[in-house]
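One structure is given here, and the rest of the page talks about it.
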């Protein structure tokens, strides 16, 4: 399989100052801008933490205003939650 078949092209707009910094960094590191951006994306994708099912359900409940514990104060909330 050739590299061309295993990649996708992407075009982004970034601030000129950021591009200048990226260009300088690539020269200092002896890497291409493409290498730095690709490594950064891969690093981000491998370290991003996605919410689990329980958290997603809680977010959905908040957005739908359902299954919420409603209280008058923090003290009341702690009491209802058994904290």
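Nothing in this text is a laboratory measurement; each read-out follows from the coordinates by a stated rule. Bear in mind that the values here come from a model prediction, so they are computed numbers and not experimental data. A quick note on method: Cβ atoms are made from the backbone with ideal geometry, for glycine too, and the neighbour counts reach across all protein chains shown.
What number goes with the only condition from (1) surrounded by 10 or more Cβ atoms within 10 Å (Cβ to Cβ); (2) under 20 Å from the mean Cα position of the chain (by Cα) that residue 20 does not pass?
All conditions are met except number (2).
Conditions (1) surrounded by 10 or more Cβ atoms within 10 Å (Cβ to Cβ); (2) on the phi > 0 side of the Ramachandran plot; (3) assigned to a helix (DSSP H, G or I), marked per residue:
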residue	(1), (2), (3)
9	no, no, no
36	yes, no, yes
40	yes, no, yes
46	no, no, yes
57	yes, no, yes
67	yes, yes, no
76	yes, no, yes
80	yes, no, yes
